[in-house]
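This report refers to the structure that appears directly beneath it.
The values are calculated or read from the model by the stated rules, or taken from the named source; none is laboratory data. All values derive from a computational prediction rather than experimental measurement. Here the Cβ positions follow ideal geometry from the backbone for every residue, glycine too, while neighbour counts run over all protein chains shown. Just so you know, the surface numbers come from the protein's heavy atoms only, side chains and all, with ligands and any DNA or RNA stripped out. Shrake-Rupley method; radii C 1.70, N 1.55, O 1.52, S 1.80 Å.
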Amino acid sequence: MVKINFASVGQCFHGRQIFGPLDAELLGGRITAITGANGSGKSTFLKLAAHLLPPSQGKVVVTSAEGELHREDLRQRLAMVTPELCLYARLTARENMDFLLGLRGLTLDDALYGELLNRVGLSAERIRHSYVGEFSTGMRQRLNMAVLLASPSDIWLLDEPGANLDADGQEMLAREMQAAKERGVLVAIATNDPGEEALADEIISLAGN
């Protein structure tokens, strides 16, 4: 089982303490909601969990049954959906997915591509020749989810993934999060949405400073 442990972790930028020191443990097979006001450090928390950012104090350790995960091993085990994840406006949905998954050494056949789009509520036929720059923000978010689902990851780090989704999209997100949890995936979601918080097994509230 995968686990992320925060031991006395604090983070500051330009001399301002964002949060901490914080002790927390995120576990596989559980959904953890990271909540707090804007500026409290929710996105920063996820970056620390992904080892994209070193903590100002304390230590973040990611482990699995094989031991501690570092660098490439960790990158292969986690997937993220964040506002900073860039899709290429002048590429189609398929071209974006092929490019992003290719960075992980993954390939899609037509059947799997269609299945993934169907799961997130996009029509492969309808968007076949459309550039992603023509997509609404909700469609882009659904495509980000399709990229996530195509990755065989057991750590999901989601930064307000439902912010641009309609009711059907939010239902899809909840369904996929629950299914991932049942597969033993560690799901951490930065959110202030009451519906998403209700899905969580535990909540880490960041007061901010």
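Test residue 34 against the stated conditions and say whether it is closer than 16 Å to residue 191 by Cα, open to solvent by less than 80 Å² (accessible area, probe 1.4 Å) and in contact with a strand residue (DSSP E or B) (Cβ under 6 Å, 6 or more places away or on another chain). Give the derivation first.
Details: closer than 16 Å to residue 191 by Cα: yes; open to solvent by less than 80 Å² (accessible area, probe 1.4 Å): yes; in contact with a strand residue (DSSP E or B) (Cβ under 6 Å, 6 or more places away or on another chain): yes.
Judged against the criteria, residue 34 is a match.
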Requested in this report: Could you please find all residues in region 101-123 being open to solvent by less than 30 Å² (accessible area, probe 1.4 Å), more than 16 Å from residue 165 (Cα to Cα) and not hydroxyl-bearing (Ser, Thr, Tyr)?
Outcome: 101, 108, 114, 116
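Checking the conditions here, which among 207, 174, 146 is more than 19 Å from residue 75 (Cα to Cα), at pLDDT 95 or above and of a type outside the set (Ser, Thr, Tyr)? Break it down stepwise before answering.
Working: 207 fails: at pLDDT 95 or above; 146 fails: more than 19 Å from residue 75 (Cα to Cα).
Being more than 19 Å from residue 75 (Cα to Cα), at pLDDT 95 or above and of a type outside the set (Ser, Thr, Tyr) holds for just one of 207, 174, 146, which is 174.
Do we find a residue being aliphatic (A, V, I, L, M), more than 23 Å from residue 174 (Cβ to Cβ) and touching a residue at least 24 places away in the same chain (Cβ under 8 Å) anywhere in region 25-33?
We begin by selecting, within region 25-33, every residue aliphatic (A, V, I, L, M); these are 26-27, 31, 33.
If we keep only those that are more than 23 Å from residue 174 (Cβ to Cβ) as well, we get none.
There is no residue in region 25-33 that is aliphatic (A, V, I, L, M), more than 23 Å from residue 174 (Cβ to Cβ) and touching a residue at least 24 places away in the same chain (Cβ under 8 Å).
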Query - For residue 29: the one exception among (1) modelled with pLDDT under 95; (2) under 18 Å from the mean Cα position of the chain (by Cα); (3) of a type outside the set (S, T, N, Q) - result: (1)
Query raised in the report: Does residue 139 fit the bill of being surrounded by 15 or more Cβ atoms within 10 Å (Cβ to Cβ), farther than 30 Å from residue 9 by Cα, without any contact (Cβ under 8 Å) to a residue 24 or more places away in the chain and within 17 Å of the chain's Cα centre (by Cα)?
Result: yes
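Okay, residues lined up against (1) open to solvent by 80 Å² or more (accessible area, probe 1.4 Å); (2) under 29 Å from residue 182 (Cα atoms); (3) in contact (Cβ under 8 Å) with a residue 40 or more places away in the chain; (4) in contact with a Ser or Thr (Cβ under 9 Å, 6 or more places away or on another chain):
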{"residue": "16", "(1), (2), (3), (4)": "yes, no, yes, no"}
{"residue": "40", "(1), (2), (3), (4)": "no, no, yes, yes"}
{"residue": "50", "(1), (2), (3), (4)": "no, yes, yes, no"}
{"residue": "61", "(1), (2), (3), (4)": "no, yes, yes, no"}
{"residue": "64", "(1), (2), (3), (4)": "no, yes, yes, no"}
{"residue": "70", "(1), (2), (3), (4)": "yes, yes, no, no"}
{"residue": "85", "(1), (2), (3), (4)": "no, yes, yes, no"}
